[in-house]
Amino acid sequence: MPNFQPENAVYRFAPSPNGFLHLGHALSAFLNHDMAKENGGRFLLRIEDIDRTRCTPQFEEMIYRDLRWLGLDWETPVRRQSEHFDAYRDALDRLRDMGLVYPAFLTRGEVKTRVTAYEAGEENWPRDPDGSPLYPDDDRRRNELERADLIAKDIRHAWRLDVTKAMAWVGKPLSWRETGTGHSETITADPAIWGDVILSRSDAPSSYHLSVVVDDALQGITHVVRGKDLYAATAIHRLLQKLLGLPEPVYHHHRLILGSDGRKLSKSEGSTGIAALREDGLVPADIRRIVGL
Ligand code: GLU
């Protein structure tokens, strides 16, 4: 279990520059910043831009502008994930050497066709906590010869974690320390609910799960404070940390700010965007009040 002196605490806000920051991001950023200040700890900003098709320098600039306007300050240089693909590749190589990842050749379209055909019957295909279908087991069952043959034929592939094998490697149940409810609780982690998660794609050398755990460790993050939408993902993060021998942070999953339709805010929703609210004449104290701080 993690054990830190408050003054050694390191917090981070880790947005992706693929849209405008909204009130949900403001809550996350404020909480990380305020908790770091209260404890005399550090506050880091990390730019999670591994998706090179959706992330842009303009959105990154807007993140800095919005956060500065909100009155936050952070340490520099800022870690930008797109500059550290080597670190994620090394982590993937280690998992490959441990025999815990496999090349996955099914395209998204092929998975969809399979799921649709299956669901035409009585039963639903199993889904992960985000509602995506679990990856079929065809590629996990292949032997090494078949895998090598398909790779030699240059068939595009991703790399997936064999979660069952990985859990067997760990050999005991996983958990994490959660403080999101206001007191410290031990939560049992069940990574199997995600199926064999993707760790690298043919068009992106790292996935969110892999880069987030590598970076949290490299940056010495002791407290991960983020929205409840990432609560279930923590099970995968704990598994990867265990496999890679990385330290365990404390997790604090905070409430989400919901839109008027009761749904999670999205980055395309202009009216709750920080920039739009600024242009409407609101001041940072208004934003703090609106997000309930
Ligand atoms: N980059 C993620 C997001 O923008 C947050 C990752 C995290 O806090 O672990 O939703």
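The values are calculated or read from the model by the stated rules, or taken from the named source; none is laboratory data. Fair warning: this is a prediction, and the values are worked out from it, not measured in the lab. Every residue, glycine as well, gets a Cβ built from its backbone with ideal geometry; the counts of neighbours run over all protein chains shown. Side chains included, ligands, DNA and RNA excluded: accessible areas come from the protein's heavy atoms. Shrake-Rupley method; radii C 1.70, N 1.55, O 1.52, S 1.80 Å.
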Just checking, which of R54, R79 is within 14 Å of the ligand (Cβ to nearest atom) and either open to solvent by 50 Å² or more (accessible area, probe 1.4 Å) or more than 23 Å from A217 (Cα to Cα) (or both)? R54
Looking at (1) within 11 Å of the ligand (Cβ to nearest atom); (2) within 21 Å of K37 (Cβ to Cβ); (3) surrounded by fewer than 16 Cβ atoms within 10 Å (Cβ to Cβ), which is the only condition H253 fails? (3)
Looking at V212, V224, which is the one that is in a strand (DSSP E or B), touching a residue at least 60 places away in the same chain (Cβ under 8 Å), of a type in the set (A, V, I, L, M) and within 18 Å of H25 (Cβ to Cβ)? V224
Report, by residue number, each residue of the stretch 14-41 that is open to solvent by 10 Å² or more (accessible area, probe 1.4 Å) and under 19 Å from H84 (Cβ atoms). A14, S16, N18
What number of residues in the stretch 1-26 are touching a residue at least 60 places away in the same chain (Cβ under 8 Å), of a type in the set (S, T, N, Q) and either near the ligand (Cβ under 9 Å from one of its atoms) or in a strand (DSSP E or B) (or both)? 1
Condition check for D261: farther than 23 Å from R68 by Cβ and assigned to a helix (DSSP H, G or I): no
Can you list the helices (runs of 4 or more DSSP H) found entirely within the stretch 135-177 that contain at least 2 residues being touching a strand residue (DSSP E or B) at 6+ places or on another chain (Cβ under 8 Å), in contact (Cβ under 8 Å) with a residue 60 or more places away in the chain and exposed (fewer than 15 other Cβ atoms within 10 Å of the Cβ)? none
Quick check: anything in the stretch 238-246 part of a strand (DSSP E or B), more than 16 Å from the ligand (Cβ to nearest atom) and surrounded by fewer than 21 Cβ atoms within 10 Å (Cβ to Cβ)? no
Any residue at all in the stretch 228-235 that is open to solvent by 30 Å² or more (accessible area, probe 1.4 Å), more than 16 Å from the ligand (Cβ to nearest atom) and assigned to a helix (DSSP H, G or I)? no
Consider S268 against the criteria (1) more than 21 Å from the chain's Cα centre (by Cα); (2) at pLDDT below 95: it satisfies all of them except one. Which criterion is unmet? (1)
Given (1) more than 20 Å from L199 (Cβ to Cβ); (2) touching a Phe, Trp or Tyr at 6+ places or on another chain (Cβ under 9 Å); (3) basic (K, R); (4) more than 16 Å from the ligand (Cβ to nearest atom), identify the lone condition not met by K112. (2)
